[in-house]
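> Here it is, the structure, as structure tokens.
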Protein chains: 2
Amino acid sequence: MTTIDDSRHYCTLINVFAVAPEKCQELFAALQHATETVMSKLPGYVSANLHVSDDQKTVTNYAQWATLADYQNVMKDPGAQQHMQQAAALAISFSPVLYNKIWTHSSQG
Amino acid sequence: MTTIDDSRHYCTLINVFAVAPEKCQELFAALQHATETVMSKLPGYVSANLHVSDDQKTVTNYAQWATLADYQNVMKDPGAQQHMQQAAALAISFSPVLYNKIWTHSSQG
């Protein structure tokens, strides 16, 4: 389980991958494998949350890192780079965006 | 606080708004107001989570609805439509995508 909590000030990355529906499952599996074997072992990792769209044309990763510096170190890690290139090759395009300011509103208060 | 929990099977909407940095704050405020006054009053509302990118060029809403039918009813609601049009007018573009399949991985187990 992951929590979105604006008081924690995580570095949040939302990466939207556009994908051909016939490659959707392969991309999902590649991102899952990269999370389990590489990303989650790196310092500052908090969570990764893979979302597959109902039309199989989009896979979105909602990822949290403890700090921006942690995320920047991931981008320099050779193992992480290799996995990101594999994912990129399966996608039509990808659009990673970093977020710092988060406002949360919930029916559960 | 919001939880991303793959066992709950919420209908998740991730809506990525591209925005001019000078209109970013106004768009954020409009989405915040719409959440508090309209969206959160509608049946099936679970959460809305507004994310402002570090470069002020993207505002992303991570929203959860209890079921797909609840979300479809929101799309038909005149009050919700009015607020969505206001937000759309402040953005360069927006890209709402619905997700059903979610896989969550967290350092907190």
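> Which fully enclosed strands (runs of 3 or more DSSP E) of the range A:33-109 have 3 or more residues being farther than 30 Å from B:His33 by Cβ and out of contact with any Gly (no Cβ under 8 Å at 6 or more places or on another chain)?
Strands (runs of 3 or more DSSP E) meeting the threshold: A:45-53.
> Here's another thing I want to ask about it. Out of A:Gln81, A:Gln56, I need the residue that is of a type in the set (S, T, N, Q), within 12 Å of another protein chain (Cβ to nearest Cβ) and over 23 Å from A:Ser106 (Cβ atoms). Which one? Quick ask: steps written out before the conclusion?
Working: A:Gln81 fails: within 12 Å of another protein chain (Cβ to nearest Cβ).
The conditions single out A:Gln56.
> I would also like to ask the following. Quick test for you: out of B:Ile4, B:Ile14, pick the one residue that is modelled with pLDDT under 95, within 11 Å of chain A (Cβ to nearest Cβ), under 24 Å from A:Lys57 (Cβ atoms) and in contact with a strand residue (DSSP E or B) (Cβ under 7 Å, 6 or more places away or on another chain).
After ruling out the rest, the residue left standing is B:Ile4.
> Suppose the filter is closer than 19 Å to B:Tyr10 by Cβ and touching a Lys or Arg at 6+ places or on another chain (Cβ under 6 Å); does A:Val59 pass it?
So A:Val59 fails the test.
> Within the group A:His83, A:His105, which residue is buried (at least 17 other Cβ atoms within 10 Å of the Cβ) and without any contact (Cβ under 8 Å) to a residue 24 or more places away in the chain?
Numbers: A:His83 fails: without any contact (Cβ under 8 Å) to a residue 24 or more places away in the chain.
Of the residues listed, the single one that is buried (at least 17 other Cβ atoms within 10 Å of the Cβ) and without any contact (Cβ under 8 Å) to a residue 24 or more places away in the chain is A:His105.
> Then there's this: Can you pull out the residues in the range A:19-49 that are of a type in the set (A, V, I, L, M, F, W, C) and either more than 21 Å from B:Pro96 (Cβ to Cβ) or surrounded by fewer than 14 Cβ atoms within 10 Å (Cβ to Cβ) (or both)?
Selection gives A:Ala20, A:Ala29, A:Ala30, A:Leu31, A:Ala34, A:Val38, A:Met39, A:Leu42, A:Val46, A:Ala48.
> Being in contact with a helix residue (DSSP H, G or I) (Cβ under 6 Å, 6 or more places away or on another chain) and in contact (Cβ under 8 Å) with a residue 24 or more places away in the chain narrows it down to one of B:Val97, B:Val46, B:Val19, so name that one.
Going through B:Val97, B:Val46, B:Val19 in turn, the sole match is B:Val19.
The values are calculated or read from the model by the stated rules, or taken from the named source; none is laboratory data. Predicted model only: the values in this text are computed from it and were never measured. Reconstructed Cβ throughout: ideal geometry from the backbone, glycine too, with neighbour counts over all protein chains shown.
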